[in-house]
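Engineer: Quick one: the structure is below, and I'll ask about it shortly.
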């Protein structure tokens with residue numbers, strides 16, 4: 001049986017198109033919209049330009065919360081307490097150390113799934129990551145993801161999973 005993981009996840013996995021567009025891609029994924037529409041939202045909210053020493057589209061936790069909340073989604077900022085305490089749909093701050101960016105981090109979307117356990121859609125990667133990896137899907141190793149600090153629990157307007 002060939003796996004169609006994307007249709008079974010509900011949320012469409014996107015990759016970033018801008019150097020610091022991980023937040024843009026995450027917003028698009030949780031809204032169920034295009035990268036370009038989310039990018040325009042970032043621009044309209046003043047996040048699409050260089051701000052001091054901060055590159056265009058890069059976001060702090062507060063800026064990311066503002067971008068998601070101003071899109072109309074209800075959010076809840078939560079402290080990271082491990083995968084066992086993670087539920088629902090979230091935008092997580094994850095370490096970039098494994099890519100050679102020591103001490104750096106970026107945003108990724110994650111959600112609980114009945115078949116895959118936990119799913120991570122990293123905008124830096126074309127492949128998804130699953131806690132329970134299917135054998136017929138190219139995946140990124142789940143263990144490389146180490147969320148830190150605060151994560152943003154997001155209102156679920158997009159169905160998180162389709163029919164298995």
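Engineer: Being under 26 Å from residue 137 (Cβ atoms) and at pLDDT below 95 is true for just one of 87, 60. Which residue is that? Step through it out loud before you land on a result.
Structural biologist: Values: 60 fails: under 26 Å from residue 137 (Cβ atoms).
Sole residue among the options that is under 26 Å from residue 137 (Cβ atoms) and at pLDDT below 95: 87.
Engineer: For residue 11, state whether it is closer than 15 Å to residue 111 by Cβ and either in contact with a strand residue (DSSP E or B) (Cβ under 9 Å, 6 or more places away or on another chain) or at pLDDT 90 or above (or both).
Structural biologist: Numbers: closer than 15 Å to residue 111 by Cβ: yes; either in contact with a strand residue (DSSP E or B) (Cβ under 9 Å, 6 or more places away or on another chain) or at pLDDT 90 or above (or both): yes.
When the stated conditions are applied, residue 11 passes them.
Engineer: Pairs please, first residue from region 119-147 and at positive phi, second anywhere and at pLDDT 90 or above and surrounded by 20 or more Cβ atoms within 10 Å (Cβ to Cβ), Cβ atoms under 8 Å, 6+ apart in sequence or on different chains.
Structural biologist: Short answer, once both residue conditions are applied: none.
Engineer: Residue check: is residue 87 more than 14 Å from residue 26 (Cβ to Cβ) and assigned to a loop (DSSP other than H, G, I, E, B)?
Structural biologist: It is true that residue 87 is more than 14 Å from residue 26 (Cβ to Cβ) and assigned to a loop (DSSP other than H, G, I, E, B).
Engineer: Here is a further query. Taking into account only those residues within region 136-164 that are out of contact with any strand residue (DSSP E or B) (no Cβ under 6 Å at 6 or more places or on another chain) and at pLDDT below 85, which is surrounded by the fewest Cβ atoms within 10 Å (Cβ to Cβ)?
Structural biologist: Within region 136-164, the match that is surrounded by the fewest Cβ atoms within 10 Å (Cβ to Cβ) is 163.
Engineer: Shifting gears a bit: Any chance region 28-50 includes a residue that's closer than 14 Å to residue 152 by Cα and assigned to a loop (DSSP other than H, G, I, E, B)? Full working, then the answer.
Structural biologist: Here is the first cut: in region 28-50, the residues closer than 14 Å to residue 152 by Cα are 29-31.
Subsequent filtering for residues that are assigned to a loop (DSSP other than H, G, I, E, B) retains none.
No; the residues of region 28-50 include none that is closer than 14 Å to residue 152 by Cα and assigned to a loop (DSSP other than H, G, I, E, B).
Engineer: Further, regarding this structure: I need a count of the residues in region 14-55 that are within 18 Å of residue 111 (Cβ to Cβ), touching a residue at least 40 places away in the same chain (Cβ under 8 Å) and in contact with a helix residue (DSSP H, G or I) (Cβ under 9 Å, 6 or more places away or on another chain).
Structural biologist: Residues meeting the conditions: 9.
Engineer: Specify the residue that is surrounded by the fewest Cβ atoms within 10 Å (Cβ to Cβ); the eligible residues are those in region 105-118 that are without any contact (Cβ under 8 Å) to a residue 60 or more places away in the chain and in a strand (DSSP E or B).
Structural biologist: 117
Engineer: Would you be able to say whether some residue in region 56-63 is surrounded by 13 or more Cβ atoms within 10 Å (Cβ to Cβ), touching a residue at least 60 places away in the same chain (Cβ under 8 Å) and under 23 Å from residue 104 (Cα atoms)?
Structural biologist: The answer is yes; a qualifying residue exists.
Engineer: Something else about it: Return yes when residue 123 is under 15 Å from residue 29 (Cα atoms) and outside any strand (DSSP E or B) and no when it is not.
Structural biologist: yes
The values are calculated or read from the model by the stated rules, or taken from the named source; none is laboratory data. These figures come from a predicted structure and were not determined experimentally. For neighbour counting, all protein chains shown are included, and Cβ atoms are generated from backbone atoms with ideal geometry for every residue, glycine included.
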